[in-house]
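First comes the structure, then the notes that go with it.
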Amino acid sequence: MAYDFPKSRALFERAQRSIAGGVNSGIRKMELPVPLYFDHGNGSRLFDVDGNEYIDFQIGQGAILYGHAPPGMANAIADQARKGTHWAAQSELEIDVAERLQKMIPGAERVRFNNSATEVVMSALRLARAHTGRPLILKFEGHYHGWSDEGLVGFAPPADKWGSDENPAPLHPSQGVIPEVLGNFVVARWNDPEHLRRRVDEHRGQIAAIIFEPVLCNTGCIEPVPGLISTIRDLCDRDGMLMIADETITGFRFGAGCAQTHLGFVPDLTILGKAVGGGTPFGALVGKESSFKKIISGEVVHAGTLNANPLCLAAAKWSLDQVIALGDKHPGTMIGLGNRLMVGLTELAQKHDIPLRPQGPGLVFHCAMLKPGAEGGAIRDYRDYVKRHDAPRWAHLRRCLLEEGVRAIERGLWFISLAHTDADIDEALAKAAKAFARHAETWKA
Ligand SMILES: Cc1ncc(COP(=O)(O)O)c(C=O)c1O
């Protein structure tokens, strides 16, 4: 019997009378048939207010790397809460966390904390402009760097406005942004090193930084083609631009050294969010001491009342200790689990003639639902994704999965956490079998 959600429906109705639009982050409205209200979580499981249990692959949009409500983290936060929730001052905890980051991430010579990755991106771009005295930032189409005026440039541009392949237009998905922001960005397509080289050459001497997700998790989970990351590094070294790796999703998912160690590069600055705070509002900018000079001197303002909040630091310290303790076992175990799930979903799709294709490095992956006639190789960049991914059909399958107790991300992404086990994957595939059968029976284009 598929799940029903009467209490979530009633709460969503009530919420709309006080909370603007009923949700506190626009994307949460995407959840069908209704944005869900949760009661509690435990490890890989979430329980909603209707008593429905989910194997959770959404895991707090990736922040819950350690599973829901791990007792060690709960104790660390509770112990700290009894001493104080906020001092707006220094604590030994902040040095403990900074020193751990220094040990874990090559190139993390200096650290600053914020309360979200969106803020960390704002800090990084301001710092890069001050560091180089240049106005422009190069970013890749489809990469997401938070919801600020700058972070959203080039994310989800509509096909009729996105410009030529050679000259992608800097567009913004939101109204109300400062119009001049767009003129401060150069947008390039992902996964085309020669195109990137030409984009940089066109604006040579004017670009302060290249920012990117090392694995493009926010659009299709697209890994970099060989030579792309080394081209970014070479161009940054050649022209004195800062290389900024946005590891908000990939950080610690790929082990202590993050995706940069896994892929073999050292950026100048790294954005950390989500898993670094284990699900508390926490983010960090880490990088070379030379890149931090203008923050160290005070010429670049970096501030925040709640920065280095002790509750978040307590959670972060506990979280980083888990990753350190796992050593080499991580991320291989998560990659193995994710690969099993991808293979199982692919087999179910083939059985029911559903054009679903999982893509990604296992511990995070995306399910592309291919449009008719859009078969072919892996999805390569944002434009390829838009042309080939059938979002309404995926939304239908995602709802069927949710109603059987398997929770993936509304946009098609799946995260493996350290709390998932082989038994979770077996159970998820058994539930997915029912969801795929129902989708195949009921989907109408
Ligand atoms: C790559 C990347 N950068 C930045 C952010 C912004 O993080 P936050 O929503 O915590 O501010 C996100 C959020 O999903 C992200 O995926």
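Derivation of every value follows stated rules applied to the coordinates shown; laboratory data play no part. Please read these numbers as outputs of a predicted model, since none were measured by experiment. Virtual Cβ from ideal backbone geometry, glycine too; neighbours counted across all protein chains shown.
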So what's the net charge close to Glu403: Lys and Arg +1, Asp and Glu -1, counting the other residues with Cβ under 13 Å from its Cβ? 0
Net charge contributed by nearby residues that have their C-beta within less than 12 Å of Pro281 (K/R +1, D/E -1): 0
Mean Kyte-Doolittle of at least -0.5 plus a Cα span of 27 Å or more along the axis: flag which DSSP H helices in the chain meet both, please. 329-351, 422-442
Cα centroid of region 221-238 to Cα centroid of region 1-53, whole Å: 40
Any chance you could check the Cα centroid distance between region 74-96 and region 359-378 for me, in angstrom? 43
I'm checking a number: the convex hull volume of the Cα atoms of the chain, normalised per residue, in Å³. What is it? 149
Computed [θ] at 222 nm, deg cm²/dmol, the chain (DSSP H ≥ 4; -39,500 (n - 2.57); rounded to nearest 500): -12000 deg cm²/dmol
Magnitude of the Cβ-charge dipole of region 369-409, K/R +1 and D/E -1, about the Cα centre, nearest 20 debye? 140
Considering only lysines 8 or more places apart in sequence, or on different chains, count the pairs in region 71-326 whose C-alpha atoms sit under 19 Å apart. 5
Quote the charge dipole size of region 73-204 about the Cα centre in Debye, to the nearest 20; the model charges only the Cβ of Lys and Arg (+1) and of Asp and Glu (-1). 260
Could you please state, rounded to a whole Å, how far the C-alpha centre of region 99-172 is from the C-alpha centre of region 428-445? 38
Evaluate the charge dipole of the chain about its Cα centre and quote only its size in Debye, nearest 20, assuming +1 on the Cβ of each Lys and Arg and -1 on the Cβ of each Asp and Glu. 480
Select from Leu182, His262, Val215 the residue farthest towards the positive end of the dipole of region 71-326; place +1 on Cβ of Lys and Arg, -1 on Cβ of Asp and Glu, and compute about the Cα centre. His262
State the percent of C-alpha pairs, over all pairs in region 298-399, separated by a distance greater than 19 angstrom. 62
